[in-house]
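Take a look at the structure set out below.
The values are calculated or read from the model by the stated rules, or taken from the named source; none is laboratory data. Since the model is a prediction, treat every value here as computed from it, not as a measurement. Glycine also receives a Cβ, built like all others from the backbone with ideal geometry; neighbour counts cover every protein chain displayed. Please note that ligands, DNA and RNA were not included when accessible areas were found on the heavy atoms of the full protein model with its side chains. Shrake-Rupley method; radii C 1.70, N 1.55, O 1.52, S 1.80 Å.
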Amino acid sequence: MSDEQQPPVSGDEAQPAGRLTSQSIRSFVLRQGRMSDAQHRFLDEMMPKVGIDFRPEPIDLAQVFGRKAPQIVEIGFGMGQATAQIAQARPGDDFVGIEVHAPGVGGLCKLIEEGGITNLRIVQHDAVEVLRDMIPEGSLAGVHIYFPDPWPKKRHHKRRLVQGPFVKLIASRLAPGGYLHCATDWEEYAQQMLEVLSAEPMLANTAEGFAPKPDYRPLTKFENRGIKLGHGVWDVVFRKV
């Protein structure tokens, strides 16, 4: 995701009965960018075909895709290039991308149409509410969070997406053996990710510290830009125990 399209989180407030709310964990800040004519067109034409409307009730993704296959959710896919590439490279899995920003949704719609991608759907809504209300517990084979906004200033760290309450929600939706894969090019945020995921008792690290980049995660334009600037990239991969 680009810096302009990152979802922050603030999870410090108390919850009634432990229930996560969109007020307690905010999975995005709405920063609408400009949409091209092509993005508008593909958004209008493709979302009726590949979009999943938000409803506060569990959804049967096997019925949505017309088959039983491993189901992976990506939270905040930005403009969708990596999402489309992963879906194409893993035709045996089904993917749901969650993004609130219309330019990114339109961009991924374009990639789905042009690539003939059949194993990818889009939910244009807050990821917290989608995971909490639509995704059944213990149902997902994986969750991807790639290059979320690092919110580098210390006073903004509470806005970061990867924090304990949200990780607990994600872990509850993973099936046993399901994985949570995060990636960032901010070392300090990578350390926080490692600490937060390590503190979640439902998850276990797949590596001694940071993980090698899995082959299925492509190098994005955003990542390549960081590498050229001398930034490192850190992957964190945990599995549901």
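Residues in the stretch 194-241 that are among the aliphatic types (A, V, I, L, M), open to solvent by 30 Å² or more (accessible area, probe 1.4 Å) and assigned to a loop (DSSP other than H, G, I, E, B): MET202, LEU219, LEU229, VAL233, VAL241.
Do you know which of the residues in the stretch 46-86 that are part of a strand (DSSP E or B) and either touching a Ser or Thr at 6+ places or on another chain (Cβ under 8 Å) or of a type in the set (A, V, I, L, M, F, W, C) (or both) is most open to solvent (accessible area, probe 1.4 Å)?
Taking the candidates together, the pick is GLN71.
Of the candidates ALA102, ALA127, the single residue that is open to solvent by less than 10 Å² (accessible area, probe 1.4 Å), under 17 Å from the mean Cα position of the chain (by Cα) and within 22 Å of ARG160 (Cα to Cα) is ALA127.
Pairs are defined by a Cβ separation below 8 Å, a sequence spacing of at least 6 or placement on different chains, a first member in the stretch 209-238 that is closer than 21 Å to ALA84 by Cβ and in contact (Cβ under 8 Å) with a residue 40 or more places away in the chain, and a second member that is of a type outside the set (Gly, Ala, Ser) and loosely packed, with under 12 Cβ neighbours inside 10 Å; the pairs so defined are ASP235/PRO212. The single condition among (1) modelled with pLDDT of 95 or more; (2) over 24 Å from VAL64 (Cβ atoms) that ALA171 does not satisfy is (2).
Filtered by the rule that a residue be in contact with a Phe, Trp or Tyr (Cβ under 9 Å, 6 or more places away or on another chain), in a loop (DSSP other than H, G, I, E, B) and open to solvent by 30 Å² or more (accessible area, probe 1.4 Å), the stretch 148-193 gives PRO152, TRP186.
Scanning the stretch 130-159 for residues that are closer than 25 Å to GLU223 by Cα and within 13 Å of the chain's Cα centre (by Cα) yields GLY142, VAL143, HIS144, ILE145, TYR146, PHE147, PRO148, ASP149.
The single condition among (1) at pLDDT 95 or above; (2) out of contact with any His (no Cβ under 9 Å at 6 or more places or on another chain) that PHE222 does not meet is (1).
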